[in-house]
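J.: After the structure tokens below, expect a handful of questions from me.
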4 protein chains.
Amino acid sequence: MHDFKGVYPILATPFRSDERFDEESLRRMLAFMARIGVQGVTVLGVLGEANRMGDREREAIVRTAVEEVGSRMTVIVGISHPGTRATVDLGRMAAELGAHALMVTPSAEPAPNDARVAEYFSRVCEGVSLPVVLQDHPASTGVHMGVPLIAKIVADNPRIACIKAEAVPSAPKIAALKAALSRDLPMLTGLGALYGQFDLEQGSSGYNTGFAFPEVLQAHVAAWQRGDKSLARRVWTHFLPLIVFEQQPGVAVRKELLRRRGLLATGTVRHPGGALSPVSATQLGELLDAVMPGVDITQPLDVAAVIG
Amino acid sequence: MHDFKGVYPILATPFRSDERFDEESLRRMLAFMARIGVQGVTVLGVLGEANRMGDREREAIVRTAVEEVGSRMTVIVGISHPGTRATVDLGRMAAELGAHALMVTPSAEPAPNDARVAEYFSRVCEGVSLPVVLQDHPASTGVHMGVPLIAKIVADNPRIACIKAEAVPSAPKIAALKAALSRDLPMLTGLGALYGQFDLEQGSSGYNTGFAFPEVLQAHVAAWQRGDKSLARRVWTHFLPLIVFEQQPGVAVRKELLRRRGLLATGTVRHPGGALSPVSATQLGELLDAVMPGVDITQPLDVAAVIG
Amino acid sequence: MHDFKGVYPILATPFRSDERFDEESLRRMLAFMARIGVQGVTVLGVLGEANRMGDREREAIVRTAVEEVGSRMTVIVGISHPGTRATVDLGRMAAELGAHALMVTPSAEPAPNDARVAEYFSRVCEGVSLPVVLQDHPASTGVHMGVPLIAKIVADNPRIACIKAEAVPSAPKIAALKAALSRDLPMLTGLGALYGQFDLEQGSSGYNTGFAFPEVLQAHVAAWQRGDKSLARRVWTHFLPLIVFEQQPGVAVRKELLRRRGLLATGTVRHPGGALSPVSATQLGELLDAVMPGVDITQPLDVAAVIG
Amino acid sequence: MHDFKGVYPILATPFRSDERFDEESLRRMLAFMARIGVQGVTVLGVLGEANRMGDREREAIVRTAVEEVGSRMTVIVGISHPGTRATVDLGRMAAELGAHALMVTPSAEPAPNDARVAEYFSRVCEGVSLPVVLQDHPASTGVHMGVPLIAKIVADNPRIACIKAEAVPSAPKIAALKAALSRDLPMLTGLGALYGQFDLEQGSSGYNTGFAFPEVLQAHVAAWQRGDKSLARRVWTHFLPLIVFEQQPGVAVRKELLRRRGLLATGTVRHPGGALSPVSATQLGELLDAVMPGVDITQPLDVAAVIG
């Protein structure tokens, strides 16, 4: 059922201007994702500012996601926590609320320790009842998992159902993992789609990232999967300036885009995260005009029309 | 009332062998602290493995501490969280449960930003109703707060009532802060008492650290305060091998000592924290024999007798 | 004379397969840069693997660059060193050998200290006789210089003649620096041109980066400077997949491109730097075919022809 | 001949007040070491501010050490460099100048890679002609070498003759290495002697560290080796306040002590290293008075007399 192929947007967590969780915006964003037909969504990832949330807020977000779209797509919940037992507890909470899968990444310890990382995944996989997406994202975690370590973790834990491949260079790592793993596992592209074309070439099964126009990622994957390599490359390249613009640090750029798309009531980022600079706001407007002139971005994008 | 002078042990969080919170051991440890007459305790610090705890567990720990000793000493609660709003929420929880003070330290952001750190403290101080201990501990947080930044934070926020001075070299920093702050503020020594003698010389008002023999810290402060510098130095030096032994990374050494003192049922550390190595366990026994031969460490220490 | 406007490629250091410095390839690369008419070159930057070089090798590289193109363009030499005095010594060596400017970036110290960073620049500027390019690249240095600190350094040191703006988000930082600096200073774009379009929009005066097709950067700047914003955007976007491909970590990708361009005899990277993976080599070929089909990349690129 | 048993002080590099290398002070310090009869010295370690030195200065320091004491004790030269080939070049320089052994530690790369670290040691060991001391000091290098990795490096490279064990907790690591290594290898204690007693208990063969009173370390090792455990412990404990005082960051404390001992003309630290604070200078004086009242520290210490 949950094959982790296609497009699984990572969702921002909407806040009101006073930083309270904005359930209404989350529902609107979820409904939009259902409307464009993505395969699933991930809540409580880095983009979701999970690390700035209390446990009760986490519950509210998961509950909302499951209620709104749980019957129509895969709901993945980020549960990473510096404590192994707390990770398990969050995973159980997510399962009880009806989520379908869990995203797990290890936390950096003072002295890196591969055996401890492997134990972490084994304990989490033993403690929870849902499929696990192993997130390999050293830029945010500080944990560097070599191919042999990931292969061991995957071999030890049948519960691991997908790898979110976010260790650069990602395409060679996907290739190396495909060669090294004891079983065939879907690998999804993250990193805001920056290396999306190269990852697809090496066997990525789709996207699990927060780019504010998931329709573009859908069009990219669809073109690639039906063998139209030229179109795939054209789609990705056309929107690459926007993908690059979103690479600028902080989640404010993406939240502003989601706001302009009518999905978020405000682009508020929780403190101490930074707000969008006026310079970036202006540049974003000009960039949208250049990349998709005249397009109403509050509606699902007609990618073919945009790239002409 | 809460003058932050004297000895305020940082408490370990007791766990059963399956890593569940062990309330009984926490009560026993609290009762012991009351028995030896410390001025307060801090729960949910680094030694308390606060970062490996869920929010409901945090509540249980605070509730237990307040119930057991809240009427007899100052109960300080660590509330630091990567999200400012979540820090405030934890502070309100602690206040509602009857705690007396809060310990707050900033979290590292990808790009260090003094203004953001100052805002963090201002927002927290505005959002909570209790005195705040500003913890300056770059080794655990990765946040380096210069003297001018701390001076600004203290000037901006009357709620700040104490500084836990754990930025090395700590003694010169205490001196520099005393010269720079706009008001007189008690400063407590941390870092496992490693630089305790030097901090006292520069005006530390006591200890706020997790050394497993707080009686020693009481004797050290008492001797210093009544002007017996020679005795103070003798007390500290006698136990310095033990203080140094505890500097080894991880909280396992301290938990083992607390277990041997009869305060914890087990020395269990939550995964992924490391357990005590057999080598360290053996060395610890020999060290205790050398530092305080024949002493029953389950009883409050007669420091004068030990140092002879 | 040296106005730091235009395109100043950062040069790779060529090595033979046994890692010895390959002077012949360096001369060939320098001659190529002269042929396409860049305004200057930088040797001994990060891409130049300066940190893997001994001092005598550094001298040989500077000598070669000055000899080959010193009369035709600005030769900038990277001199950053963890020791301030050693930085000055390298700067004097470069001046004696006839270089025209120096690139300087601070090194991370255990505790960040803005005053120390400002001193570093002042001592270097007092100790050397050439214009200084202040490089602001926290990703490689770990030193985060806020706008006020850079403004102070620039005000204190008239010798600083240019800023290499590589702190993300770079475009807002360029804008903020332009507003904050006490004098007008050219700012050059680095980071492999990833944010080149956005930087130009905020007043970047050109490029100082290692993208293997500097002709593209020349075309980008030229179009922008004559007001053809649409063409500028088109040039940058067309080559953006290649720019992104080069963002993958390590210098091996760029060295391989320079090898394919006929400029380097080998793509050898000095140990412990990593070699190019076969996967990346294959992908690079496909990417070149897609971005500039049929083009002989050993010749200067006709950018207008490539983008059609 | 070079058995790496006993005491091998790490030497500070003396500078004049203008930061120029002070050869005369280095000779005086070396002569003092010969006078007290240490087994060897290490130049160009972290304490020697090796990273703030140019290559010609490094040569001058090695030359001076070999000339002054090379016939009387083992001269070890720190040669670590971010580039493997440059490390080898420094090692050859040291050998040509007559040094007896090399101290090598790996540099941190953006993504930790055990295989690359092993290669680093193999290439260095193949490229040089002297015995190698493998320094395991993650606090300064950021490289965490697990026991299996070190065991592999030692098995692969017969040239490795000693391990400088500075990864905390050091005593358990020494024990683990002794159990894991394929051959018996001396292990020396570093870290300023902080854990010296515990390391000796686990089989450390002596000291290779910069404590400013190497006579104390000699007395400690001597007492331990002749089985007088009680005296060994007493020696170490008596001076532990001084050992702890020296743990404060920066090399300024040690250089000041060496200056007070009459060995260095000035306590100058190279920028950007920090100078001694007046607070620390005052505390140091009081501490010396307390630890060894009335003792002339410019003369070799009579440790037995000091501890009474």
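No lab work stands behind these numbers, since they all come straight from the coordinates. Being a predicted model, the structure only gives us computed values, none of them experimental. Here the Cβ is made from the backbone with ideal geometry for all residues, glycine too, and neighbour counts use every protein chain on show.
J.: If the label for B:Asp228 sits 7 angstrom from Cα along the Cα-to-Cβ line, what are its distances to the same label in every other copy, in nm to one decimal, shortest first?
T.: 3.1, 8.9, 8.9
J.: Hey, another quick one. Going by C-beta contacts inside 10 Å, put B:Thr298, D:Thr268 in order with the fewest on the left.
T.: In increasing order of surrounding Cβ atoms, one gets B:Thr298, D:Thr268.
J.: Taking neighbour counts of Cβ atoms within 10 Å as a proxy for exposure, in what order, fewest first, do C:Asp296, C:Asp55, C:Asp184, B:Asp199 appear?
T.: Lowest to highest Cβ neighbour count: C:Asp184, C:Asp296, C:Asp55, B:Asp199.
J.: Work out the length of the dipole vector of the stretch A:6-307 about its Cα centre, built from +1 on the beta-carbon of each Lys and Arg and -1 on the beta-carbon of each Asp and Glu, and round it to the nearest 20 debye.
T.: Working: 30 positive and 31 negative charges, 58 e Å.
Charge dipole of the stretch A:6-307: 280 debye, to the nearest 20.
J.: To continue, here is another question. Enumerate lysine pairs in the stretch B:6-307 that are 8 or more residues apart or on different chains, then count those whose Cα atoms are under 21 Å apart. Working shown, then result.
T.: Working: B:Lys152/B:Lys164; B:Lys152/B:Lys173; B:Lys152/B:Lys178; B:Lys164/B:Lys173; B:Lys164/B:Lys178.
Eligible lysine pairs with Cα atoms under 21 Å apart amount to 5.
J.: I've got another one for you. What does the net charge come to around C:Cys125 if you take all other residues with beta carbon closer than 11 Å to its beta carbon, with K and R at +1 and D and E at -1?
T.: Values: positive: C:Arg123, C:Arg159; negative: C:Glu119, C:Glu126, C:Asp156.
Value of the local net charge: -1.
J.: Just to be sure I understand: chains B and C are related by a rotation, so which residue of B has its Cβ closest to that axis, and how close in Å?
T.: Closest Cβ to the B-to-C rotation axis, residue and whole-Å distance: B:Pro112, 3.
J.: Sticking with the crude label model, points 7 Å out along Cα→Cβ, report the distance from B:Ser17 to D:Arg92 in nm, one decimal please.
T.: 6.0 nm
J.: What FRET efficiency comes out for B:Asp289 versus B:Arg27 if R0 is 51 angstrom and r is the Cβ-Cβ distance? Round to the nearest 0.05.
T.: 0.95
J.: Please list, in order along the stretch B:269-279, the HN-Hα scalar couplings obtained from phi with the Karplus expression 6.51 cos²θ - 1.76 cosθ + 1.60 (θ = phi - 60°), rounded to whole Hz, x for Gly and Pro.
T.: So the Karplus estimates, Gly and Pro as x, are 10, 6, 4, x, x, x, 7, 5, 6, x, 4 Hz.
J.: Can you give me the long-range amide H partners of A:Met103? Hydrogens built in the peptide plane at 1.01 Å from N, cutoff under 5 Å, separation of 5 or more residues or another chain.
T.: A:Val77, A:Gly78, A:Ile79, A:Val133
J.: Between A:Thr282 and A:Glu126, with labels modelled 7 Å along Cα→Cβ, what's the label distance in nm to one decimal, could you check?
T.: The modelled label-to-label distance comes out at 5.9 nm.
J.: Any chance you could run the full-extension gain for D:Arg72 through D:Ala139? It's 0.36 nm times the residue separation minus the Cα-Cα distance, nm to one decimal. Walk me through the numbers before you get to the answer.
T.: Details: separation 67, 0.36 × 67 = 24.12 nm, distance 3.20 nm.
Difference between extended and current length: 20.9 nm.
J.: Quick check on the exposure proxy: order A:Arg261, D:Arg183 from fewest to most C-beta atoms within 10 angstrom.
T.: D:Arg183, A:Arg261
J.: Where the label is 7 Å out from Cα toward Cβ, how close does C:Arg35 come to the same position in every other copy, in nm, shortest first?
T.: For C:Arg35, the inter-copy label distances come out at 5.6, 6.7, 8.7 nm.
J.: Of A:Tyr8, A:Ala99, A:Gly48, whose Cα points farthest to the positive end of the dipole of the stretch A:1-106 (charges on the beta-carbon: +1 Lys, Arg; -1 Asp, Glu; origin at the Cα centre)?
T.: A:Tyr8
J.: Restricting things to alpha carbons, tell me how big the stretch A:6-307 is in terms of Rg and Dmax, in Å.
T.: Cα only, the stretch A:6-307: 18.4, 54 Å (Rg, Dmax).
J.: For B:Ala305, place a label point 7 Å from Cα along the Cα-to-Cβ direction in every copy; what are the distances to the other copies, in nm, shortest first?
T.: 3.9, 8.9, 9.7
J.: Could you give the nm distance between label points at B:Lys229 and B:Ile297, where each point is 7 Å from its Cα heading toward the beta carbon?
T.: 3.2 nm
J.: Rank B:Phe245, B:Phe15, B:Phe213 by mean-square fluctuation in a GNM of chain B with C-alpha springs under 10 angstrom and give only the top-ranked residue.
T.: Largest GNM mean-square fluctuation: B:Phe245.
J.: PRE reach from B:Ala305 (point 7 Å along Cα→Cβ): which of the stretch B:196-215 fall under 19 Å by backbone N?
T.: B:213-215
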